[in-house]
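**Q** This is the structure, below, for whatever I ask next.
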Amino acid sequence: MERAEAYGFSGAISGAFLLSCLLFAAVSRRQRGPYMDEVFHVPQAQAYCHGRFLQWDPMITTLPGLYLLSVGLVKPAAWLLGWTGSVVCSVGMLRFINLLFSAGNFYLLYLLLFKIHQKNKAVSGFQRILSALTLAVFPTLYFFTFLYYTDPGSVFFTLFSYLMCLYGNHKTSALLGFCGFMFRQTNIVWTVFCAGNVVAEKLNEAWKIELQKKKDEKISSRKGSFSDLTRILQFLVEYLLSPKKLVTLTALTWPYIVLVSLFFVFVFINGGIVVGDRSSHEACLHFPQLFYFLSFTGFFAFPHLLTPSKIRKFLLSLRKHPVQYSLVTVISLFLVWKFTYVHKYLLADNRHYTFYVWRKVFQRHELVKYLLVPFYIFAGWSFADTLKSKSIFWILMYFVCLLAVTVPQKLLEFRYFILPFLIYRLNIPFLSLYRQLLELAFYILVNAVTFYLFLNRTFHWENSDEVQRFM
């Protein structure tokens with residue numbers, strides 16, 4: 001990092017942290033007590049603070065990583081500063097831990113952008129800082145910085161694990177992946193993703209050698225055609241069935257294999273992935289979740305995905321391959337028809353944005369969910385088009401992880417999309433400075449509206465005196 005870039009980054013992260021502290025004070029002043037899922041998380045952390053480690057709320061679905069780390073941070077700080085009484089492990093203090101995670105996420109996002117795009121000399125230090133700042137204030141993640149939720153810590157350990165993987169420190173990466181798993185069990189998918197990065201790199205090297213042997217440059221230049229995909233899949237199967245190559249891959253990825261094995265042991269002993277409240281968190285094949293994720297990504301990454309040139313390119317592709325797109329449309333319509341599920345939480349809680357998205361869009365008419373399929377297809381095509389700089393093996397690996405982390409979820413919840421979105425966004429090419437500024441301005445606007453509604457547009461339920469806020 002050059003000196004000017006170091007000063008710029010220090011100024012950006014310090015300024016962002018200061019503004020976050022001011023916003024944190026406003027949120028804590030307006031909402032002093034636990035809110036929403038905090039009514040489960042805060043008492044559980046406070047029980048751990050008082051040494052009651054065997055106490056457990058059966059409504060909590062995640063492992064105790066957040067509470068253990070909170071005690072590990074708060075208790076020493078209280079001892080050093082002489083804090084006693086109710087201030088120790090208070091709601092405000094527990095929430096502040098996520099503010100620290102937010103600053104850590106900013107730093108990790110910057111380091112990841114630097115590492116992933118280090119070969120692109122056209123990217124300036126200012127663009128890296130700007131992109132890291134944009135992702136650090138990504139609205140769906142940033143909002144939960146100010147509440148005692150698992151999301152900021154979950155993202156922190158997963159991004160840290162990914163960074164260590166990219167630097168080849170796989171034992172450290174697996175250990176950090178375990179920490180992420182302790183925050184949210186589905187993070188095991190991103191441990192598989194880290195292992196997949198190693199495998200994809202080896203596969204890409206072997207594929208290049210294969211092309212050189214056959215002196216067939218057409219395959220690489222026409223990446224994406226059906227015949228090329230068939231040959232790549234054939235090569236993939238042959239490579240993975242080779243005992244010698246499997247031994248090599250196992251030697252490289254054994255820390256991740258150990259962690260994934262421990263995960264399966266946990267699932268067997270626990271009788272499932274979810275720790276508590278299993279009746280409300282049943283796994284199912286909810287394929288439209290992939291379409292919702294693509295729509296979510298299209299909304300938050302519109303400067304990357306929704307451009308006039310991409311629309312023209314998509315229409316040209318549509319005209320060239322009508323049969324393939326017709327087949328994709330039929331399959332998508334079938335998946336929407338047979339695999340659309342509506343969770344009871346989605347319909348019951350009018351504090352969540354998803355409640356209004358579902359009611360205002362999907363419940364307007366029975367045909368709406370089918371009429372949205374063309375938009376899903378465009379979003380999917382544009383999404384894949386932005387990843388064309390990555391190897392085909394990386395794309396296949398990411399897509400498998402994306403399916404694994406979204407499809408089994410019955411509940412439409414934007415928080416489930418945070419990590420797959422961030423990893424996607426980190427790996428696509430940089431935009432022009434103008435579009436980067438547009439993206440940042442859009443995120444600031446969404447955050448401003450979100451916090452205004454949360455702080456000022458309160459309401460009451462008929463059967464409750466508690467103040468309700470939009471999430």
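The values are calculated or read from the model by the stated rules, or taken from the named source; none is laboratory data. This one's a predicted model, so the numbers in the text were calculated from it and none came from an experiment. No Cβ is skipped: glycine too gets one built from the backbone with ideal geometry, and neighbour counts run over all protein chains shown. Each accessible area value is taken on the protein alone, full model and side chains, heavy atoms only, with ligands, DNA and RNA left out. Shrake-Rupley method; radii C 1.70, N 1.55, O 1.52, S 1.80 Å.
**Q** Where does the charge balance sit around Ile129 when Lys and Arg score +1, Asp and Glu -1, over other residues with C-beta under 13 Å from its C-beta?
**A** -1
**Q** Follow-up question, since we're still on this one. Skipping prolines and chain starts, which residues have an amide H placed within reach, meaning under 5 Å, of the one on Lys410, given they are 5 or more residues away or on another chain?
**A** Cys284
**Q** Per the Debye formula with a single identical scatterer at each Cα and no solvent contribution, what log10 I(q)/I(0) holds for the chain at q = 0.07 Å⁻¹?
**A** -0.39
**Q** Compare the Cα positions of Ile97, Thr297, Val155 along the charge dipole of the chain (+1 at Cβ of Lys, Arg; -1 at Cβ of Asp, Glu; about the Cα centre) and return the one farthest towards the positive end.
**A** Most positive-ward Cα: Thr297.
**Q** Right, here's the next one. Rounded to the nearest Å, what's the spacing between the alpha carbon centres of region 87-105 and region 390-422? Just the number, please.
**A** Computed from Cα coordinates, the inter-centre distance equals 28 Å.
**Q** Measure off, as a whole percent, the carbon and sulfur share of the 1.4 Å-probe accessible area of the chain, all protein chains present. Write out the running numbers ahead of the final one.
**A** Working: 15800 of 23610 Å².
Solvent-exposed carbon and sulfur of the chain make up 67 percent of the total.
**Q** Same structure, new question: Checking the a/c ratio against 1.5 first, then a/b against b/c, what shape does the Cα gyration tensor give for region 1-93? Don't skip to the end; give the middle numbers.
**A** On the way: a/c = 1.99, a/b = 1.86, b/c = 1.07.
Taking the square roots of the gyration eigenvalues as a ≥ b ≥ c, region 1-93 is prolate.
**Q** What is the log10 of I(q)/I(0) for region 282-431, computed with the Debye formula using one identical point scatterer on each Cα and no solvent, at q = 0.09 Å⁻¹?
**A** Log-scaled intensity ratios, in q order: -0.29.
**Q** Any idea what the dipole of region 1-117 comes to, in debye rounded to 20, about its Cα centre with Lys/Arg Cβ at +1 and Asp/Glu Cβ at -1? Walk me through the intermediate numbers first.
**A** Details: 8 positive and 5 negative charges, 47 e Å.
Approximately 220 debye in magnitude.
**Q** Separate question: Check the cysteines of the chain one by one and keep only those with no other cysteine Cβ under 4.7 Å from their own.
**A** Here Cys21, Cys179, Cys284, Cys401 come out as lacking a disulfide-compatible partner, given the Cβ-Cβ threshold of under 4.7 Å.
**Q** Same structure, new question: Please arrange Tyr443, Tyr325 by accessible surface area, largest first, computed with a 1.4 Å probe and ligands excluded.
**A** These residues rank, largest area first, as Tyr325, Tyr443.
**Q** Which whole DSSP H helices in the chain pass both tests: a Cα extent of 15 Å or more along the axis and a mean Kyte-Doolittle value no lower than 1.6?
**A** Membrane-span-like by this criterion, though nothing is claimed about a membrane: 392-406.
**Q** Give the accessible surface of the chain per residue, rounded to a whole number of Å², with probe radius 1.4 Å and ligands, DNA and RNA excluded.
**A** So the chain comes to 50 Å² accessible per residue, rounded to a whole number.
**Q** Might you report the magnitude of the Cβ-based charge dipole of region 320-471 about its Cα centre, with Lys and Arg at +1 and Asp and Glu at -1, to the nearest 20 debye?
**A** 340 debye
**Q** In debye, nearest 20, what is the charge dipole magnitude of region 35-191 about its Cα centre with +1 on Lys and Arg Cβ and -1 on Asp and Glu Cβ, if you could check?
**A** Approximately 580 debye in magnitude.
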